[in-house]
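Notes to accompany the following structure.
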Amino acid sequence: MLEPILLTGAMFAVFVWAVLALYVVHISRNRTAARAVVSTLLETLNTPEVRSLRVHDRVLRVKPLLEQVSRDMILHTAADASTSRHTVEVLNTHLVEHWGIYTLIREASSHRASREVWRRTAALTVLFHLRHIEIFNLLRRAVEGPETDIASVALGLLGTSDDPRATEILIDALKQKRHPASRVAVHLEHSPLRPVEAYRALTLDKDPVLRLWGATLLAQCPDVEWLEETLAHLTEDPDARVRKAAIQSLAKVGDSSAAQAALRLLRDPAPFVRAHAARALGELDRIDAAPAIAELLGDSDWWVRAAAKNALEMLGSEVWPVLMRCLDHRDGFVRNGAAEVFQNLGILDSLIMMEAASDDPSPSKIDLLKRIANAGGVRMTDSLIERAGASAPKVRRLLASMGMERAGAA
């Protein structure tokens with residue numbers, strides 16, 4: 001009695017499996033066929049002949065193809081960032097004509113299940129391209145909602161808009177802190193608009209994170225009359241993050257007061273502020289600040305020392321008198337840092353190649369080379385040989401004559 005029941009159960013399982021397999025194959029074939037139609041549709045719409053037509057004429061030209069594709073696939077293709085603008089116009093027109101604008105508005109307004117998230121973001125994108133009157137209300141709702149994926153799409157769309165309402169929503173999102181401030185700020189940075197007064201208001205906020213982003217975003221507004229004064233004031237902010245952001249922005253848009261602020265911040269208690277102050281002076285091309293920057297070659301913080309070297313390199317070969325004095329400094333970090341700057345500026349390589357090629361090397365230059373090599377250590381002399389190429393034997397002999405035995409024997 002048991003065997004017939006088991007046999008019937010097995011046969012039923014095989015039947016169900018077969019039906020499911022056939023269904024999967026059917027769905028797969030339909031999707032493949034639909035993709036082929038979409039591919040043909042895109043190719044047709046991107047031909048010069050069709051692109052030259054008015055949008056409604058383009059819709060009529062590809063109507064037979066459009067009718068073979070599901071609404072979901074058209075919606076997905078219309079919202080795809082890689083789809084050309086001319087194609088999007090056709091797809092959006094077809095969507096509105098066949099399913100109505102209110103269907104899109106309903107889908108862009110809310111979603112009931114996670115599988116509907118893509119449909120909501122696609123509808124938002126289509127309505128944004130259509131510049132529908134409700135789009136900014138819908139985008140605000142998306143940004144303020146709990147769904148991160150939907151908010152990310154909404155923020156991205158707002159960041160490309162030339163409508164002042166877009167930056168208003170973005171700045172509100174920055175204040176509300178529903179999303180990471182950096183994620184919101186990046187869209188403001190990429191926005192074609194520059195709401196300078198709104199940025200200025202951020203610099204006056206009691207929240208240091210908002211002051212930080214206000215200072216950062218103002219770097220994109222170089223022609224504002226009050227800009228340098230506002231940023232210079234922020235370099236005295238009690239929050240180190242704000243001071244750092246202010247000096248970074250001043251390096252891009254500032255002048256004399258920027259240099260004064262940067263010089264003061266070279267003594268800031270926060271290492272990352274000192275580092276950015278040094279870089280700011282390099283970006284401002286303040287060769288007169290080279291001695292003050294060079295003092296940071298002996299800073300207790302590695303990042304600050306690296307920033308000081310980077311700033312001196314920005315200032316170019318004119319800093320060599322300052323570097324010369326550093327070669328005799330009592331601090332090994334200072335001596336080594338100065339030697340690295342000599343090397344990175346190309347001064348060391350140029351000097352040693354000229355003297356290695358000479359039959360009568362200059363004693364003063366040999367003395368300079370020796371001081372730099374001693375300050376830089378064995379790694380520097382070894383790297384000199386590696387970069388010398390075909391002239392390596394001459395460089396080895398020169399280094400050996402200077403008493404750099406390890407380098408000479410390398």
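Structural remarks
- Segment 154-244 shape via C-alpha gyration tensor axes, a/c threshold 1.5: oblate
- Highest-first packing order for the peptide set 287-293, 315-321, 175-181 is 287-293, 315-321, 175-181, based on the mean count of other beta carbon atoms within 10 Å.
- A convex hull fitted around the alpha carbon atoms of segment 44-89 yields 68 Å³ per residue.
- The order of MET324, MET314, going from fewest to most other C-beta atoms within 10 Å of their C-beta, is MET324, MET314.
- Electrostatic bookkeeping for GLU189 treats Lys and Arg as +1 and Asp and Glu as -1; over the other residues with beta carbon under 14 Å from its beta carbon, the sum is +3.
- Pairs of Cα atoms in segment 159-310 fall into 10 Å distance bins, from 0 up to the last occupied one, in shares of 12, 40, 31, 15, 3, 0 percent.
- J(HN,Hα) series, segment 102-117, from Karplus relation 6.51 cos²θ - 1.76 cosθ + 1.60, nearest Hz, glycine and proline x: 6, 5, 5, 5, 4, 5, 7, 7, 6, 8, 9, 10, 4, 5, 8, 4
- Segment 226-297 versus segment 76-121: alpha-carbon centroid distance in Å: 48
- Flagged links, alpha-carbon separation over 26 Å, of LYS177/LYS244; LYS175/LYS309; LYS177/LYS309: LYS175/LYS309; LYS177/LYS309
- Taking the fewest neighbouring Cβ atoms within 10 Å as the starting point, the ordered list for ILE74, ILE101 is ILE101, ILE74.
Read-outs throughout are calculated quantities, based only on the coordinates presented, and are distinct from any laboratory measurement. Given the structure is predicted, the values throughout are model-derived calculations rather than measurements. As a convention, Cβ positions derive from the backbone with ideal geometry for all residues, glycine included, and neighbour counts pool all protein chains shown.
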